[in-house]
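For reference, the structure discussed in these notes is given below.
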Amino acid sequence: MKQSVCNLFLMVTFIFCVTYSDAEAQIFTGGTFGGGISERGYFADIAPMVGYRYKSFRAGISPFLAIPESSAEKIRFSYGGRVFTQLDVIKGTFLHAEFEGINQEAWIKDSQGNSVRGRKWYMGLPVGGGYHYPLNDKMIAYGMILYNVLKQDDYPQKNPIFRFGVRYSI
């Protein structure tokens, strides 16, 4: 199911970006700082991004490096990537959906069934909305609140997920 949702998401984003290209289309770049707080501790990430905009629609990719903190166990860092889409709905507000993969240290079972420290991939589908504010004619600051609809118990980020960033149109 997760694989099908990811494939559909990527296919729709790719078709839209390839189909539309005119004077109103442009490439953007920027970055985000995000995080959240839960009973397990906090999760903070920093992520550059690059994407494509056509009118009120944006799609892009964003690799990230994250620093999770847990009171139960010390995890050094996490990393991963996101594929995202955004749609402006009302002046200053937008909807956001993404598929992300997070690689993080975890207790995993080895071939003998023993629990050992290793790395594990977690997949998420955060969706939500946000507000953006123009800083000048090329730069926009934004914030958003996301909710991971896949709701895995061992997922590194807990709901809600907060992100803030800057986007620059090239």
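Based on the Cβ-Cβ distance from Y54 to Y79, what FRET efficiency comes out when R0 is 30 Å, to the nearest 0.05? Write out the running numbers ahead of the final one.
Values: r = 30 Å, r/R0 = 0.99.
Approximately 0.50, to the nearest 0.05.
Could you work out what % of the accessible surface of segment 55-170 is carbon and sulfur, using a 1.4 angstrom probe and leaving DNA, RNA and ligands out of the count?
Exposed carbon and sulfur together represent 64 percent of the surface.
Give the calculated FRET efficiency between Y133 and A44 to the nearest 0.05, with a Förster radius of 22 Å applied to their Cβ-Cβ distance.
Plugging the Cβ-Cβ distance into 1/(1 + (r/R0)^6) gives 0.45.
Describe numerically, in nm with one decimal, the distance between label points set 7 Å from Cα along Cα→Cβ at R117 and at I67.
Using points 7 Å along Cα→Cβ, the separation is 1.9 nm.
So, in nm, how far is label V89 from label I145 when the simple model puts each one 7 Å beyond its Cα toward the Cβ?
With each label point 7 Å from Cα toward Cβ, the separation is 1.3 nm.
The values are calculated or read from the model by the stated rules, or taken from the named source; none is laboratory data. Just so it is clear, the structure is predicted and the values come from calculations on it, not from any experiment. As a convention, Cβ positions derive from the backbone with ideal geometry for all residues, glycine included, and neighbour counts pool all protein chains shown. For the accessible areas, the whole protein counts, side chains as well, though only heavy atoms, and no ligand, DNA or RNA atoms are used. Shrake-Rupley method; radii C 1.70, N 1.55, O 1.52, S 1.80 Å.
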